[in-house]
């Protein structure tokens, strides 16, 4: 009886542990900040349908199923490396080979004695495809077409090998940029691969900004028409992104006073480049609102505040103008969150 | 075997059940009170009342404590820092896959030792679709200005050439960190902003 009694007593404690688990487990998967990101993968977009040879898509998807690397990331690599194997001959000036442009040492294995520098190595054609050799030297080459060889010149082998390489560098666990950088040590390369990966899916990797307007306390600085919104413009024909605009432009009139959107402290007031008034923002004011928030009032003809001034929402910080890189009177308004420009629209109720 | 003289077993059982239930109640209570405290204040965006051409705002709370504790930045410091950007970009951006390290050597004069070391560590490889990249123009705006370090968003218009000699325009969206080293502004890092690779307007 005593034994069963203590067992009954333990039930509430187990319940507490279970409840803790129920509440805390989802928190592990919740973002801590206000701004989050989407993810790669998903259904093919119209741009993807137009650009990617249809017969390649099942291969990317099979590689995704096997290695966990999003299929559109593989397609993006293929696009950036060889424009889907259309750029001939598929050998680069440093010795990268095949559909996905592997360096022979990466394919066969960097522990091979001939491997150093860029990784061209010294291999016979047979050695480059030899599975025993690849296993021995720790290479990434894969025999996906099951012909007993792993060839950089086999489309299937090279795509699976790229997936193998990317997953071992973190792509399957979300470290996409690190994995892409490992593939080719260039920030420009990473940016380009990410751009195509995003273009090739409908719902993939669109930055999702989750903000709470009611918390912001920002007011629309001027009532004028919005002449240019925030974001990257997408070419309606190619689907490719055009130049970015990282603020909102409001029409304003000569002499119109520009008020602060929210209370804060002026941290800059002056020319972006005192030696060249045609540069960038021209005459601008930055107001730091605390909590990582900062607003920009750019292209003004005159500033009416100084660094260190504390302003209230509505206090005039300058006068509408067209200084800097501007073709007409307007206010360029920005909101920074922790050093990054974000879309002001939801903050100011647009 | 001697039984416990203080409490009978049955009482111990019930006592433990009560404590357990109290623990559950406390836990659930604290969870919901925590959620209530974390809920945002329902402060609506300030309304704008038109009065002539001046916008009047409703009273706002005092500004929160600002994050900037550093000394104020001057126009002169901003101008002198960004003066390094044109020469740096003309050295750093052009790329030729036949000389993949040339851009690092060209940039050496304009970058910090640590960034030079970082760039020298990895060899960049040209792709068949980008065997050559040429600098066309660049524009920039400040993102963060401090007395000894400044961040700029830099938009670089480039022309890429593929292995067949076909040209394509491109836009590289960089974030460039400048640091004041021994009285000279030098580039300490270059990152990529989302949207890079876009087509210039």
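How well do other chains shield peptide A:244-250, expressed as the mean number of their Cβ atoms within 10 Å of each residue Cβ? Provide the component values of the computation, followed by the final result.
Details: counts 10, 1, 7, 1, 0, 0, 0.
Mean inter-chain Cβ contacts per residue within 10 Å come to 3.
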(message) How many angstrom lie between the Cα centre of region A:255-297 and the Cα centre of region A:41-118?
(response) 45 Å
(request) Residues in region B:97-116, backbone N under 18 Å from the label point at residue A:93 (7 Å along the Cα-to-beta-carbon vector): list them, ranges by number please. (result) B:97-107
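Hey, can you rank A:262-269, B:134-141 by average C-beta count inside 10 Å, highest first?
On the way: A:262-269: 24.1, B:134-141: 17.1.
Highest to lowest by the protection proxy: A:262-269, B:134-141.
Which value, in Å to one decimal place, does the Kirkwood hydrodynamic radius take for region A:46-199 when every pair of different Cα atoms is included? Don't skip to the answer; put the middle values down first.
Details: mean 1/r = 0.0652 Å⁻¹.
Over region A:46-199, the inverse of the mean reciprocal pair distance is 15.3 Å.
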(request) Would you mind giving the mean number of other chain beta-carbons within 10 Å of the Cβ of each residue in A:116-122, as a whole number? (result) 1
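At 0.36 nm per residue, and after removing the present C-alpha to C-alpha distance, how many nm does the segment from residue A:120 to residue A:274 gain when stretched out fully? Mind showing how you got there, number by number?
Values: separation 154, 0.36 × 154 = 55.44 nm, distance 5.01 nm.
So the chain would gain 50.4 nm between residue A:120 and residue A:274.
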(message) Give me the extension gain from residue A:202 to residue A:306: residue separation times 0.36 nm, minus the current Cα-Cα distance, reported in nm with one decimal.
(response) 32.8 nm
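How high is the relative contact order of region A:46-199? Use alpha-carbon pairs under 8 Å, at least six apart in sequence, and give a whole percent. Walk me through the intermediate numbers first.
Working: 237 pairs, mean separation 34.9, N = 154.
So the answer I get is 23 percent.
At a Förster radius of 51 Å, what calculated FRET efficiency corresponds to the Cβ-Cβ distance of residue B:19 and residue A:168, to the nearest 0.05?
Working: r = 51 Å, r/R0 = 1.00.
Given R0 = 51 Å and the Cβ-Cβ separation, E is 0.50.
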(request) May I ask you to derive the FRET efficiency for residue A:43 and residue A:146 from their Cβ-Cβ distance with R0 = 25 Å, giving the value to the nearest 0.05? (result) 0.30
(message) If neighbour count is taken as other Cβ atoms inside 10 Å, put A:94, B:181 in order from fewest to most.
(response) B:181, A:94
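For the residues B:120, A:154, what sequence is obtained by ranking on other C-beta atoms within 10 Å, fewest first? Provide the component values of the computation, followed by the final result.
Numbers: B:120 12, A:154 21.
Neighbour counts put them in this order, fewest first: B:120, A:154.
Just counting partner chain Cβ atoms within 10 Å, what average do the residues of peptide A:264-275 show around their Cβ?
Averaged over the peptide's residues, the number is 6.
Using a Förster radius of 45 Å, what is the FRET efficiency between residue A:226 and residue B:166 based on their Cβ-Cβ separation? Nearest 0.05, please. Let's see the in-between values first.
Details: r = 38 Å, r/R0 = 0.85.
After rounding to 0.05, the efficiency reads 0.75.
Normalised by the residues of region B:75-198, what does the relative contact order come to in percent, with Cα pairs under 8 Å and at least six apart?
Details: 231 pairs, mean separation 26.8, N = 124.
Relative CO of region B:75-198 lands at 22 percent.
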(request) Over the residues of region A:305-347, compute the C-alpha Rg and express it relative to 2.2 N^0.38 Å. (result) 1.39
(request) For a footprinting-style exposure proxy, rank A:62, A:192, B:76 by other Cβ within 10 Å, fewest first. (result) B:76, A:62, A:192
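Laboratory data are not the source of any read-out in this text; all were calculated from the coordinates shown. Just so it is clear, the structure is predicted and the values come from calculations on it, not from any experiment. Because the Cβ atoms are built from the backbone with ideal geometry, glycine has one as well, and the counts that use them run over all protein chains shown.
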